[in-house]
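Notes to accompany the following structure.
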Amino acid sequence: MSEVYWRKVGAKIAKRRNLLDLTQDEVAKYAGIPRSALSLIETGARKVDLREARQICAKLYIELNDIAY
């Protein structure tokens, strides 16, 4: 997957998180990752693995398809 794809995924996560008025720390703790990792995911600087994506989506009340496509 390209860098552009991962930036889009991260932007979708950040947009939804902000819409729900959640902090990076709240989402990261739920997903079991450091806040810094979520920050990198949201900017596209770090890829998100399937386990992390499932946890993030659960906290954001969205489906994996909502961030993947």
Breaking point among (1) open to solvent by 50 Å² or more (accessible area, probe 1.4 Å); (2) touching a helix residue (DSSP H, G or I) at 6+ places or on another chain (Cβ under 6 Å); (3) among the basic types (Lys, Arg); (4) closer than 16 Å to residue 60 by Cβ, for residue 17: (1)
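Residues checked against (1) of a type in the set (D, E, K, R); (2) touching a residue at least 40 places away in the same chain (Cβ under 8 Å); (3) open to solvent by less than 60 Å² (accessible area, probe 1.4 Å):
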residue	(1), (2), (3)
8	yes, no, no
21	yes, no, no
42	yes, no, yes
45	no, no, no
68	no, yes, yes
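Can we say residue 35 is open to solvent by 60 Å² or more (accessible area, probe 1.4 Å), in contact with an Asp or Glu (Cβ under 8 Å, 6 or more places away or on another chain) and basic (Lys, Arg)?
So residue 35 passes the test.
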Residue tally, condition part of a helix (DSSP H, G or I) and open to solvent by 60 Å² or more (accessible area, probe 1.4 Å), over the stretch 52-63: 2
Per-region count, the stretch 38-51, residues closer than 12 Å to residue 13 by Cβ, aliphatic (A, V, I, L, M) and assigned to a helix (DSSP H, G or I): 3
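The values are calculated or read from the model by the stated rules, or taken from the named source; none is laboratory data. Owing to the predicted nature of the structure, the values given are computational and were not obtained by experimental measurement. Quick reminder, even Gly has a Cβ in these numbers, built from the backbone with ideal geometry, and neighbours come from all protein chains shown. Protein only, heavy atoms only, side chains kept; ligands, DNA and RNA dropped before computing areas. Shrake-Rupley method; radii C 1.70, N 1.55, O 1.52, S 1.80 Å.
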